[in-house]
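What follows is calculated from the coordinates using simple rules that are stated; it is not laboratory data. From a predicted model like this one, the values you see are computed outputs, not experimental measurements. All Cβ positions, even for glycine, are placed from backbone atoms using ideal geometry, and neighbour counts span all protein chains on display.
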Amino acid sequence: MKKNNYPKWIMSYNEILGIYDRQANAVMLVEDYGPKNGFFVEAWRSYHFPKTSELVKKSYREGNKTILIISPGKTKLKLIPSFSPIGISECRVKKEDIEITYEGLGGGGVNACYSRGMAKGVKKTIVLQEAGGRKHGKGKIVLPKYEFLLLAGDDTDNKEEGATYALMHNIAEDLDNGNNIRYLTHGNVQLYPYNPYKTSNCFSTVIGFAYRNKADKNKIIETFKKELKKYTLSNETAMVAYNGFVLPKAIIDLSYALKFHFFDDIEKVKKIALENRVEVYEITGKRGIIGSVGALGLFDNPEVASGLPEQYIHPHYL
């Protein structure tokens, strides 16, 4: 169906991305919906999907984007108007693609069959049951399979100039080509504010890329290593990388600990990171490893990431 001649009761999604975490065997589905130059004040999808389908393990909304974490598989939905009007009944991961099957009633059925199929990023759409009105709609979309790379960096400024968040952002912007490398997430993490080594706010940055193949991943890492070394203003800059969006519990716990407590044993932090599939890169020094790992485990938890120690009680981990 061409966008310029679809019925007015069909609202096209802006874009849909499917991202696979091999280690966790999980899919991150990112749906961009609503006004492109505004913001969408609705959480209908993120509310209903985990209630309706046992395949959806987590959901949340950031601006116009709904993010779903899904286990591959197939399930039977019990759709009920208003109470469970839409769901994901199947998720299949193939060599190059990810297939998602939606089912819904009313507007949920229209969403399932038509609206998503018109979005940027969808390779193919299959209407399995026609939708509209009270009908039970069912449709499948085929998405290119991306993978996910997290990068976190710290200690790039000095007491006179610099800003880690801006440097990380600008390198990422230059890498994003809108196709096989996508700059997808950016998180700033308030670290322990009483750290005697901090330059100012004690802030580190973690960003996420969706990418298509190993060559893309290598390009991202090598570019960041080169650009950080070129533009850093510190002799203690470091970076860490993790392939995937489901982090080991040990890394999440370590990130919390480094955020809420002062800890100065760089080698211990590095050891725990390496034991949990985190790649560690000393760009100009080692001290930035602590802040980088501190940011990594909070990439999808912005409320905690921005908080101060006085707001939380967290057990000592180290």
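Entry note, the chain: the mean residue ellipticity at 222 nm calculated from DSSP H runs of n ≥ 4, each adding -39500 (n - 2.57), is -7500 deg cm²/dmol after division by the residues and rounding to the nearest 500.
Sorting 289-297, 91-99 by their mean Cβ neighbour count within 10 Å, with the most densely packed peptide first, gives 289-297, 91-99. Taken over the C-alpha atoms, the stretch 155-311 has Rg and Dmax values of 14.6, 43 angstrom.
Here's the picture: charge each Lys and Arg Cβ at +1 and each Asp and Glu Cβ at -1 in the stretch 3-145, and of Ile69, Val142, Thr52 the one pushed furthest to the positive end of that dipole is Val142. Overall, the chain carries a charge dipole of about 1680 debye about its Cα centre when +1 sits on the Cβ of Lys and Arg and -1 on the Cβ of Asp and Glu, all other atoms neutral. FRET efficiency for the Arg212 to Ala250 pair, using the beta carbon distance and R₀ = 35 Å, is estimated at 0.75. Can you check what the net charge comes to around Tyr211, using other residues whose Cβ is under 12 Å from the Cβ of Tyr211 (Lys, Arg +1; Asp, Glu -1)? My count for the surroundings of Tyr211 gives +3.
Of all beta bridges that DSSP places with both ends in the stretch 3-145, some 95 percent have antiparallel geometry. Measuring nothing but how far apart in sequence close Cα pairs (under 8 Å, 6+ apart) lie, relative to its length, the chain scores a relative contact order of 15 percent. Kirkwood hydrodynamic radius of the stretch 1-148 from all distinct Cα pairs, in Å? Evaluated on the stretch 1-148, it is 15.1 Å. Here r is the Cβ-Cβ distance between Glu222 and Trp9 and R0 is 41 Å; the resulting FRET efficiency, rounded to 0.05, is 0.25. In this structure, the residue pairs whose Cα-Cα separation is over 23 Å, taken from Lys58/Lys271; Lys58/Lys140; Lys123/Lys225; Lys95/Lys120; Lys36/Lys95; Lys51/Lys74, are Lys58/Lys271; Lys123/Lys225; Lys36/Lys95. Convex hull volume of the C-alpha atoms in the stretch 70-133, normalised per residue: 93 Å³. In the chain, one over the average inverse separation of all distinct C-alpha pairs is 20.8 Å, which is the Kirkwood hydrodynamic radius.
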